[in-house]
1. Which order do Ser147, Ser90 fall in if you start with the one that has the fewest other Cβ atoms within 10 Å?
2. Which of the following values of Cα Rg over 2.2 N^0.38 Å was calculated from the structure shown: [x] 1.06; [y] 1.23; [z] 1.30?
3. Between 0 and 90 degrees, rounded to the nearest ten: what's the tilt of helix 59-69 against the longest Cα principal axis of the chain?
4. What is the order of Arg155, Arg55, fewest Cβ neighbours within 10 Å to most?
5. Expressed as an acute angle from 0 to 90° and rounded to the nearest 10, what is the orientation of the C-alpha long axis of helix 175-201 relative to the principal long axis of the chain?
6. Sequence gap at least 6, Cα distance under 8 Å: using those rules, report the relative contact order of the chain to the nearest whole percent.
7. Pairing the Cα long axis of helix 148-160 with the longest principal axis of the chain, what angle in degrees results, from 0 to 90 and rounded to the nearest 10?
8. Tell me, Asp187, Asp172, Asp113 in order of fewest to most beta-carbon neighbours within 10 Å?
Amino acid sequence: MIFEIDAPLGNVSLSVRHINTIKSGLIVHLYNIEEAIMSEALRFLGRALGSTDPREWTEHSLREWLRESIVSRVSEGNEDGKLATVYRTSSLLLTNTMLGPQNLKKPSGTWDDKLIATFMMRANIATNMPPEMWRRIAASPKFGDKSPLQFLADRRNAIAHGRKSFEEGASDLQLRDIRLLADTTLDYMGYTAESFELHIGNKAHLVAVA
């Protein structure tokens, strides 16, 4: 089956195989946008923490800093090596020096709405979304009883890791399905980014001054 598409340089013939490959590319690109937004959100929070005295951080902020700066770095090595890591890193908390941009650890797995919610709960970031958005990200039979973002993450992984070829990766999806995934994902990520901005703008990552 061949689809004829009018193009500025003449008629371009696209086969079903070509269309399916393009659709798979859209799935991968959509996930890449989600991942890029979350990576920047974590950097944004890490910069905010690093620009303030650690003694002003909330318990949630401190826990997230410790998760990356200590917990993830002491799983290997002998006892003295682990102790040296803990001592060197924890001593930074006793100074009144700002630490500069800090790395924060994402939850294990591929970003989807559940993983995003996990990080936001850990960091005590309030979710700023209307009820209508919650309904849109609910699990749906259309997406195999997964939420749209879970479906996107699973399908992206299948394509990226070779479990599905680019020709197969989106062959069961119509363009309107991909448009629904895109609209839902991008709107959800907009609210998520806004939640991070409000968290930092309201200084919710810091202990409130009495």
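Throughout, read-outs are computed from the coordinates displayed, never taken from laboratory work. This is a predicted model, so every value here is computed, not measured. Here Cβ is always computed from backbone atoms with ideal geometry, including for glycine, and neighbour counts include all displayed protein chains.
1. Ranked by crowding around the Cβ, least crowded first: Ser90, Ser147.
2. Among [x] 1.06; [y] 1.23; [z] 1.30, the one calculated here is [z].
3. The angle comes out near 80 degrees.
4. Details: Arg155 25, Arg55 12.
Arranged by neighbour count, lowest to highest, Arg155, Arg55 become Arg55, Arg155.
5. 20
6. On the way: 222 pairs, mean separation 65.4, N = 210.
In percent, rounded to a whole number, it is 31.
7. The helix 148-160 is inclined about 80 degrees to the chain.
8. Asp172, Asp187, Asp113
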